[in-house]
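The values are calculated or read from the model by the stated rules, or taken from the named source; none is laboratory data. On a predicted model such as this, the values are computed, not experimentally measured, just so you know. Heads up, the Cβs are rebuilt from the backbone with ideal geometry, glycines too, and the neighbour counts pull from every protein chain shown. The area values use the complete protein model at the heavy-atom level, side chains included, leaving out ligands, DNA and RNA. Shrake-Rupley method; radii C 1.70, N 1.55, O 1.52, S 1.80 Å.
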Amino acid sequence: MTETTIVVPTLGRPSLAVLLDALARGTRRPQHSVVVVDDRPEATGALPVDGPLDVVVLRSGGRGPAAARNLGWREARTPWVSFLDDDVVPNPDWYACLLDDLAAAPPEVSGSQGRLRVPLPTDRRPTDWERSTRGLETAPWITADMSYRRSVLAEVGGFDERFPRAYREDADLALRVTAQRGRLVRGQRSVTHPVRPADDWASLRQQAGNADDMLMNRLHGRAWRERAGAAPGRRPRHIAITAAVALALILAGRRRWGPAALAALGWAAGTAELAWARIQPGPRDGDEVRRMLLTSATIPVAATWHTVRGAWQHRGATAWRGTPDVVLFDRDGTLVHDVPYNGRPELVRPVAGAEDALDRLRRAGVRIGMVTNQSGVARSRLTGEQVAAVNRQVEAQLGPFDTVQWCPHGPDDGCRCRKPAPGMVWQACTDLGVDPSRCVVVGDIGADVQAAEAAGGVGILVPASATRREEVTAAAQVHPDLGSAVTAILAGRW
């Protein structure tokens, strides 16, 4: 049977309760826990998750829908992950049809999109906001209802968290998946996307998406719109209108009234054309006309400002790698102060910043583990029970860990587990179902880095008192402390 985990990022809108109720009342209930990711900066009230569904709530702290979805899919352990927005209403047979869609997907298919319907008023023409929402019906690969193989999400690093709002992050992911991994298809399942209420300035706030378009340009080239099926937009006209009003103001400031009037006339003509293009297909009532006139006078300037801001902000953006699936840490000298052949739990002292570094990884949904050489057992200076007791104390202070691996052999025993051999890294990845290429090992000596590289992963050196100068020179990545190493890992620089 095809298995999938439903992930729903939310800002705590009332529509979440409607979504969860629809899933509970469907002809078939989800077989795995629904993962709801609360992306409110602060949890200012309980979410409506006390119904009949099994729901797991995670918190992403207001980092945006891309980060929230990443946290959700990393929690999942099923072959597929199915994303739903918190303002859609699945059809009664949605889950049954979802399983059919995923079961029918051949191995070369990496993702499956559902069908979306936006109901509009039948007694009048739709407003500008309603027409904008209706565009979701034909938008390819939007995550309002989109499923991906979990292995594919891990391989491409998930959603690019540099997209801070629900805009373009889904198109970016789809372009990376189709370029690197396989086809995306449209299934037969269906959801309804009601038009959300909006105030007068909603369309003006939407212009912030122009900055995200600049990130898309940087990552995918200027031809990305055609590949993503995105509308061409009006950016050149917005820039021209903004240039006209800026020129009018400059010329007026210099008391060149004739040229200033011509420039102002150009601005007025451009603004009028934009306003009419938005008013003509709509209901043309007083409120809509007023709203269109107000926003049409300000949208070009806002769009141009966000375009310039985005081009500058993302001028050096490189391909998104995401976070690794697991980060493995050496124990002595990396997580805790090194006490040679320590068999006494009371001597365990975490290094400065270790607890915070590990917690940051956990909050991002990254699994963590510990891999440690303990040759004291081979040398008869420690027992296995003592090593286990110290490990338990480390976990009590810094855990939980998703995996703990330790090697009892000495350097001359010829085992495959003692670092710099890759055995412990391989075993940790096998236990967690992680591709070693998505694993990072952080340690304080060259053997840690070499074990990671021998396993097919990435090693990061955090020097300590035992680190030799030649080990620092040989390491591809060196950070002064755990905090800076984790910062780089979370930013995709690993």
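Quick notes
- Qualifying residue in segment 3-10 (condition: open to solvent by 20 Å² or more (accessible area, probe 1.4 Å), assigned to a loop (DSSP other than H, G, I, E, B) and modelled with pLDDT of 95 or more): yes
Each row is one residue, and each column tells you yes or no for (1) of a type outside the set (Phe, Trp, Tyr); (2) modelled with pLDDT under 95; (3) in contact with a Ser or Thr (Cβ under 9 Å, 6 or more places away or on another chain).
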position: Trp406; (1), (2), (3): no, no, yes
position: Cys415; (1), (2), (3): yes, no, no
position: Lys419; (1), (2), (3): yes, no, yes
position: Ala447; (1), (2), (3): yes, no, no
position: Asp481; (1), (2), (3): yes, no, no
position: Thr487; (1), (2), (3): yes, no, no
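- Elements of type helices (runs of 4 or more DSSP H) contained in segment 442-494, each with 2 or more residues being in contact with a Cys (Cβ under 9 Å, 6 or more places away or on another chain): 446-455
- Pairs with Cβ under 7 Å, 6+ apart, first in segment 339-364 and closer than 29 Å to Pro324 by Cβ, second polar (S, T, N, Q) and buried (at least 16 other Cβ atoms within 10 Å of the Cβ): Val348/Gln393; Ala364/Thr323
- Only one of the numbered conditions (1) in a loop (DSSP other than H, G, I, E, B); (2) more than 22 Å from the chain's Cα centre (by Cα); (3) surrounded by fewer than 16 Cβ atoms within 10 Å (Cβ to Cβ) is not met by Gly62, and that is (2).
- Unmet criterion (only one of (1) open to solvent by 60 Å² or more (accessible area, probe 1.4 Å); (2) touching a strand residue (DSSP E or B) at 6+ places or on another chain (Cβ under 8 Å); (3) touching a residue at least 12 places away in the same chain (Cβ under 8 Å)) for Glu453: (3)
- All positions within segment 143-169 that are in contact with a strand residue (DSSP E or B) (Cβ under 7 Å, 6 or more places away or on another chain), closer than 20 Å to Thr133 by Cα and either modelled with pLDDT under 95 or not small (Gly, Ala, Ser) (or both): Thr143, Asp145, Met146
- Among residues of segment 210-221 that are among the charged types (D, E, K, R), those with a Cβ under 7 angstrom from a residue that is assigned to a helix (DSSP H, G or I), sequence gap 6+ or separate chain, pair up as Asp212/Gly310; Asp213/Gly310.
- Qualifying residue in segment 299-313 (condition: more than 28 Å from Ala174 (Cβ to Cβ), buried (at least 19 other Cβ atoms within 10 Å of the Cβ) and over 24 Å from the mean Cα position of the chain (by Cα)): yes
- Within segment 198-287, helices (runs of 4 or more DSSP H) holding 3 or more residues that are buried (at least 16 other Cβ atoms within 10 Å of the Cβ): 209-220, 224-228, 235-253, 257-279
- Filtering segment 28-43 to residues that are over 19 Å from Arg363 (Cβ atoms) and open to solvent by 30 Å² or more (accessible area, probe 1.4 Å) leaves Arg28, Arg29, Gln31, His32, Ser33.
- Answer from Ile250, Ile299, Ile239 - the residue that is β-branched (Val, Ile, Thr) and either more than 20 Å from Leu204 (Cα to Cα) or without any contact (Cβ under 8 Å) to a residue 60 or more places away in the chain (or both): Ile250
- Of the residues screened, Val425 is not one that is more than 19 Å from Tyr341 (Cα to Cα), open to solvent by 10 Å² or more (accessible area, probe 1.4 Å), among the aliphatic types (A, V, I, L, M) and in contact with a Cys (Cβ under 8 Å, 6 or more places away or on another chain).
Results for (1) over 26 Å from Arg367 (Cβ atoms); (2) in a helix (DSSP H, G or I); (3) open to solvent by 20 Å² or more (accessible area, probe 1.4 Å); (4) at pLDDT below 95, shown as yes or no for each residue.
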| residue | (1), (2), (3), (4) |
| --- | --- |
| Met1 | no, no, yes, yes |
| Gly12 | yes, no, yes, yes |
| Val18 | yes, yes, yes, no |
| Leu58 | no, no, yes, no |
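- Any chance Arg74 is assigned to a helix (DSSP H, G or I), within 19 Å of Arg363 (Cβ to Cβ) and out of contact with any helix residue (DSSP H, G or I) (no Cβ under 8 Å at 6 or more places or on another chain): yes
- Residue satisfying all of: in segment 456-470; open to solvent by less than 10 Å² (accessible area, probe 1.4 Å) and not β-branched (Val, Ile, Thr); farthest from Pro422 (Cα to Cα) among these: Leu461
- Just one residue in the set Pro90, Pro52, Pro106 is without any contact (Cβ under 8 Å) to a residue 40 or more places away in the chain, of a type outside the set (D, E, K, R) and in contact with a helix residue (DSSP H, G or I) (Cβ under 6 Å, 6 or more places away or on another chain); that residue is Pro52.
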